[in-house]
Every structure is written in structure tokens, then in C-alpha cells.
Ligand code: HGA
């Protein structure tokens, strides 16, 4: 959340900063700004709203400079107004951009006020600018002033700072929020994410926790948390620039829905070795660790949490291992009891989700047998800090509402389930059968995508409603939760998910002709029960949209519309049934005219608690 970018070169970097912010806009988009140092001194421009508003202002003012920092904001402290937008400036001398939260900002603010500093914003960020300015009075350099300031800050954050006393320098630091340095030729860059830098370089240094980077156009020096020069490898990224472009699709979300078939294939392939699922893919110690595991404890947030719930059903049913799952934001504040030989499993698309990362760090101190992450970003904190990792290969996901990252997490859960199941009686032949089923997931998704036109037509019937219910049973319940989350995230329609059997314990009271019910009801052992639940709805005048499969005997009638998906093995049904729900949410949102890729109040990669 919040994206920051910085550049130092021998050319005008303002156009690059603006483009970089456009790439980072998925992280926050309520206001944006840039600051540069040029012959007129420290100059900043900020605008409320999208980066485009900033771009227009910059074009009008003709601002230029060979170095600068920029920011696109997702407000945590202070409303999205121009005075709260970054960069924040102290005494026309220091400018700062910041991602994260400074937890002790109130006391710092009071202290700075007694020192005579005046505040223009309600942000926690402004204290950083003033503290750096304050330290510059006694320290010999921007690097030293930033380092002193970092000692005083509590919280998780990344910052970049410039000072008009050292116009050829950017100092940036990472503590809890991601930050990457891009290495160019006589120019260097820094950003929250490589996507902002791909137009300029492929060579990156992924900063580690506590790192401070001192950057000129000629040199990059990284200091570790103890203030010592740290050797950090330069890694060459193979992410393609067009992987972060929309191409012919009207929205990233639609592109990413359509990319799922290939993303699933890419996720499965590296986990197979010699025609068998390979535990070594999780890490060198995987076999030993999995041998010792007797329980699994899953933590995640949002969409990843739903993948965790699907995983818990699979792990208990097929993997025969006790498993629990909970929200990462709750976990570490409730004094959890840690049982022996328990694996702590976390899921996060970005690997920087603050709550999940904090849960992992808590768990590492709490006596679990080992930690395992399922993540889409190999350079992320989550991957680096867990003992084992299942890397999904969804490719960059830009739409704020997660799609391909979710279905590839489900694929990872399937594979991990088989790793556990093979220790608990699943024989080789059965495992091979499941592997063949996993290989069919991509084709099944393609068949589901063929329903896109029909789903678009049906979306009209939901577009004017204010509330909706999603129903599922068994492992389709978390898929109903995910469908409801997609709809509310991007269409702003209130959507709630219930297990079908829970309906009569309360929500049935809500049913009338204005409350559409979306049911996920493949032909599985629970379909007869689900059918009975749906009859209870129909008997009360509720309108049904049912996603079933070719083999089931649901038929469209007056009050109900049935869409049929290909029949697949239960094992991959959660992956398949996710797709029509994503398309439904997408088309409803398009009809309602919302900002599909950047829905209000949300941002991707939730790096604040
Ligand atoms: N706390 C700062 C930065 C917000 C942020 O990182 N959001 O994800 C602010 O409110 O401006």
C-alpha cells in the first residue's frame, strides 16, 4: 500500500517518476506527488486523486529535474487531501515519501512542535521530514540524518528522502515495507516494486529488513541495520514489461482472469520432477520437515484466507492431517496455543502483507516445528523468512481484486495436500491419478471462460441490487466466500457468503425478490443437501443463480438461472468454480461503472497493519 519511487540521473527524471507512479498506482491511488531539486531549489507538486491528475499538473507547470522522489498514496493518517499527500517537506530543505505507519508519530509530533516545527498535514509521515531536518543541523550528511531519524521511528515502513544540501543524493530505507533498488548506467532508481522500474533496468537489489541505501547517479551503497556496508547481490529480473501491461483487455482484472489457465500450468510444472510431485520444490529440508508434521495451522488475509480455508478442507479430507485456519490479523493478538509438531503455513500474493508477515514472525518465536509460505513473489519477505516455500507462478497481478493469484494458491494447496496424503496411506497409483486431475485444471478453466458471454448477460440482473447472498457447501463454501468478496470489492454491492446449511439459522429471513442468491453447487456428495437448501430459498420468492455442472439436474426456470460448467473431479472443483464468480463480479462492476482495477478505499499488497 502506497507506492514510492525515486530516481537520480543525468537527464530529466520527472517523466520517469510519473510513469513509475502509474505502475505503482495499484498500491494506492487517493493522491500523488513528486519532489525534485533543481536550480530553483526544492520543488514539489501534489494532486488529489489519480496519478493522471498529477501528470496533468506537471505538464502544465513544466517541472523538471535530474533527481526526485514520488509517491502514490493510500491514506492511513489524514484524509486524501493535498496537504496530506506526499512528498512531505520540512523547512524547504528536506522532502520525504513514505510507505507504512509510524506508530509513535504523536509523541514525535509534540516534541517537534516544542522545537518550533509547524505541521501542515495530519499524516504520520511529516514527523520524518522534520526529524531529518532537525538532525541535519548536527549531522554532517543526509545519510547520517536519516540514520539518526530511523533510530527514533517505531512501526513498519519504507522511506526515501532528499535534501537541498546534497542535491546529488537519495537516501532510502526499508523496515517492514518492500523496497527495491534499480541499477542503471550512470543512473539509479528506487521503488516499492520492480514493476515501476522495468522500463529502465532489469538489474535490481532487493533490500533486506533494516537496510539503508545511499544513492547517487554513479553509486549505490547499502548499509545493514547495524550501519555497516552490506554486500547485496544484483539480481536480474526476468519479469517482462508486457506482463504488467493490459494489452487488448479493457481491465487488468479481465486479463488476469483469462491468464489463469496458463498461470496454473506454470505453477504446477516446476513442482513435478520425473513425472512425480516433488517435495524438494518446497526447499531442501522439505522431506524431513513434512515427515515430522502432525498438524497444520494456516494464517492468511482476504482472498488468501479463502485459499487457506479450501486448503484446510483438502488437508483434513485427503491429507488426513488435523488443520485449522484463521485470519492473520486475529492470530497474533489472541495468545494462540501451539501444539507439538505443527507446521505454520501462511499465504500471501505479494509476500509483504503486513498482518501475515507479522503472524509469521510471531509464529517463528512461538515454537512451531517449521514454517511454510505460499507466495507469488520470490523476493518477498514472506519467502525469505519462512523455512519452506511454495512459489506460485501467477505472474504479476495488478488488478486490486485478486484472481489468478488465488487459483494458483489453490493449486499449491492441492499439491501440499498430496505431500501430506502420501504419508498417510495414499498409494502411488492414486497419487498419479490426482496428478493427472491437476493437469486437467487448465483445460477446465478454458472451458469455464467460454461461459463469459452468458455470465455477462446474467450480470445485468445483479447490477441494480444492493445486497446478495452467496451459498456453497463443503469446499464450495470458501469459494462462495471468495465470490462474495470479489463482488463487494469491485461492484460495492453488499455480498455475504453462507454455508448452505446455515441458511435456516438466520439469513433465510433476508430472502425476498430483491435479494439474489448465487449458489455454487457442483454435483458432489453434498449436492442433494444443497438442492434442499435452494428449494427453501425458492419457496420464499428468492431469485437464484446456480453454478452447477453438466451432470447435475438443475434446470433454469422462472426464478432460477442455471449455468453449467464442465464436470471435473472434486479435487479441482474449487479452482474451476472460482472462475465464473470472478467473471460475474467483473461484469457487474463494469455495468455499474466502478473502477474495476482500482476499487475505492482499497489497495493491493496491504503493507500496513
Ligand atoms: N501513513 C502514511 C502512508 C500510508 C501508507 O503507506 N499506506 O499504505 C499516510 O497516511 O500518508
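Here are a few things to note about the model shown:
- If the condition is being under 20 Å from the mean Cα position of the chain (by Cα) and either within 20 Å of residue 309 (Cα to Cα) or part of a loop (DSSP other than H, G, I, E, B) (or both), then the range 355-370 contributes 355, 356, 357, 358, 359, 360.
- Residue check, residue 38 touching a strand residue (DSSP E or B) at 6+ places or on another chain (Cβ under 8 Å) and either modelled with pLDDT under 95 or surrounded by fewer than 21 Cβ atoms within 10 Å (Cβ to Cβ) (or both): no
- Yes/no for residue 545 being over 22 Å from residue 441 (Cβ atoms) and over 28 Å from the mean Cα position of the chain (by Cα): yes
- Test for residue 171: is it crowded, with 23+ Cβ neighbours inside 10 Å and either within 16 Å of the ligand (Cβ to nearest atom) or outside any strand (DSSP E or B) (or both): no
- Some residue of the range 107-115 being surrounded by 19 or more Cβ atoms within 10 Å (Cβ to Cβ), part of a strand (DSSP E or B) and either within 13 Å of the ligand (Cβ to nearest atom) or in contact (Cβ under 8 Å) with a residue 12 or more places away in the chain (or both): no
- Among the candidates 163, 141, the residue that is away from the ligand (no atom under 16 Å from the Cβ), farther than 16 Å from residue 88 by Cβ, more than 22 Å from the chain's Cα centre (by Cα) and at pLDDT 95 or above is uniquely 141.
- Evaluating residue 2 against the criteria (1) surrounded by fewer than 24 Cβ atoms within 10 Å (Cβ to Cβ); (2) at pLDDT below 95; (3) within 16 Å of the ligand (Cβ to nearest atom) leaves one unmet condition, (1).
- Test: residue in the range 186-198 that is in contact (Cβ under 8 Å) with a residue 40 or more places away in the chain, surrounded by fewer than 16 Cβ atoms within 10 Å (Cβ to Cβ), touching a strand residue (DSSP E or B) at 6+ places or on another chain (Cβ under 7 Å) and part of a loop (DSSP other than H, G, I, E, B): no
For (1) more than 16 Å from the ligand (Cβ to nearest atom); (2) within 30 Å of residue 31 (Cα to Cα), each residue gets a yes or a no:
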| site | (1), (2) |
| --- | --- |
| 570 | yes, no |
| 577 | yes, no |
| 580 | yes, no |
| 588 | yes, yes |
| 591 | yes, yes |
| 596 | yes, yes |
| 599 | no, yes |
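- Unique match (being touching a strand residue (DSSP E or B) at 6+ places or on another chain (Cβ under 8 Å), at pLDDT below 95 and within 15 Å of the ligand (Cβ to nearest atom)) among 126, 103: 103
- Residues of the range 88-113 satisfying the condition of being more than 18 Å from residue 153 (Cα to Cα) and out of contact with any helix residue (DSSP H, G or I) (no Cβ under 6 Å at 6 or more places or on another chain): 92
- Tabulated pairs, the range 325-350, first at positive phi, second not in a strand (DSSP E or B), C-beta under 8 angstrom, 6+ apart or interchain: 341/292; 341/293; 341/294; 341/369
- When residue 149 is tested against the conditions (1) in a helix (DSSP H, G or I); (2) crowded, with 24+ Cβ neighbours inside 10 Å; (3) touching a strand residue (DSSP E or B) at 6+ places or on another chain (Cβ under 6 Å), the lone failure is (3).
- Filter pass, residue 484 being buried (at least 23 other Cβ atoms within 10 Å of the Cβ), modelled with pLDDT of 95 or more and out of contact with any helix residue (DSSP H, G or I) (no Cβ under 7 Å at 6 or more places or on another chain): yes
- Of all residues assigned to the range 512-534, none qualifies as being buried (at least 21 other Cβ atoms within 10 Å of the Cβ) and either closer than 22 Å to residue 255 by Cα or within 16 Å of the ligand (Cβ to nearest atom) (or both).
- For the range 434-529, the helices (runs of 4 or more DSSP H) that sit wholly inside it and include 3 or more residues that are within 24 Å of residue 417 (Cβ to Cβ) are 441-449, 476-491.
- Here the range 52-92 is the region considered, the condition is being in contact (Cβ under 8 Å) with a residue 40 or more places away in the chain, more than 30 Å from the chain's Cα centre (by Cα) and surrounded by fewer than 17 Cβ atoms within 10 Å (Cβ to Cβ), and the residue that is farthest from the ligand (Cβ to nearest atom) is 64.
The values are calculated or read from the model by the stated rules, or taken from the named source; none is laboratory data. What you see is a predicted model; the values in this text were computed from it and never measured. Neighbour counts are summed over all protein chains in view; Cβ atoms, including those assigned to glycine, are modelled from backbone coordinates with ideal geometry.
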